[in-house]
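Here is the structure we will look at, set down as structure tokens.
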Amino acid sequence: MRPDEALEMIAETGKMSRGGLESYGDMRKDKVQRVRGDFLTPTFKAKITFALDGVTFNMSCVNLFPGDQHIVINVDETNKRIIIEPCLPTDRDSLKFANLKSDRNKPRKCTARIFCAMIYDMMNWNRVAKYKSMAIFQQWGNKKIIVFNLDECVQVFTEIIASNDGKKKRSYVVNMPKEWKGRFGHTIEELDEKNRLDTTITLITVDNKTGERHASSIEPKLPTPEELMHRPYGGIRIHQEEDNEEN
């Protein structure tokens, strides 16, 4: 067979490489999905962990606010998300989420029983499980925030397993939301809509002297149907023998 005949046959059978994209706009087609970070290696990704007695922000998360050890927490009940932003230690509603050690922020567990109980009730979570949510970092000028979508948390159960030699080892079972099953992730257009933040509703600036609260002036948006829905867990289950994640 001549080389030109072989090339023609490959092209006809569809086995020939399609090459690159014609434009970045091809990435925005409905059939193109961005793989969820939760499906990859999430160990060093910024995240929050909820337990019934408190919350912990891991090292990657506190590094997003490298010069701050205190934050305020804003709750968006409509969209089932929380938004944190750095603040002064003297602010009335401040929470110390990191300790400064050797000129570097280190995570600390933040005891917050009432807050966590309210979050568990709002989300109808299992009280014996922990929940982890990956961070979405956003910045406008000198304004920095981190968003956590509570309806995209993974559910974590801890078990203690005894081996034949008598040694005990922690084992983890991770359940992911049922809606994640069968999809790699959202399309870019879905992500643009889902991650758009209505800061006029969710972010409030507090005057530290007068206590007055002022809404910011970013253009608002209506929540998407996906943001208003909470779906049960059990779509994907992962069994981990050891805890290699950060706090």
Less than 11 Å Cβ to Cβ from Asp38, Lys/Arg counted +1 and Asp/Glu -1: what total charge do the surrounding residues give? +3
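Taking the Cβ-Cβ separation of Glu77 and Lys143 as r and a Förster radius of 22 Å, what is the calculated FRET efficiency to the nearest 0.05? Walk me through the intermediate numbers first.
Details: r = 22 Å, r/R0 = 1.01.
Once the sixth-power term is evaluated, E becomes 0.50.
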Would you grab the residues whose amide H sits under 5 Å from the one on Ser171? Only those 5+ places off in sequence or on another chain, please, with H modelled 1.01 Å from N. Glu159, Ile160, Ile161
Given R₀ = 25 Å, FRET efficiency for Asp91-Asp121 by Cβ-Cβ distance, to 0.05? 0.45
Give Lys109/Lys167; Lys96/Lys130; Lys45/Lys106; Lys109/Lys132 a once-over and call out the pairs whose C-alpha atoms are over 19 Å from each other. Lys109/Lys167; Lys96/Lys130
Let a ≥ b ≥ c be the square roots of the eigenvalues of the Cα gyration tensor of segment 125-192; is it rounded (a/c under 1.5), or, if not, prolate (a/b larger than b/c) or oblate? prolate
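Here, each number is a calculation from the coordinates, and none is a lab measurement. It should be emphasised that the depicted structure is a prediction, and the values quoted were computed from it without experimental measurement. Backbone-built Cβ (ideal geometry, glycine too); neighbour counts: all protein chains shown.
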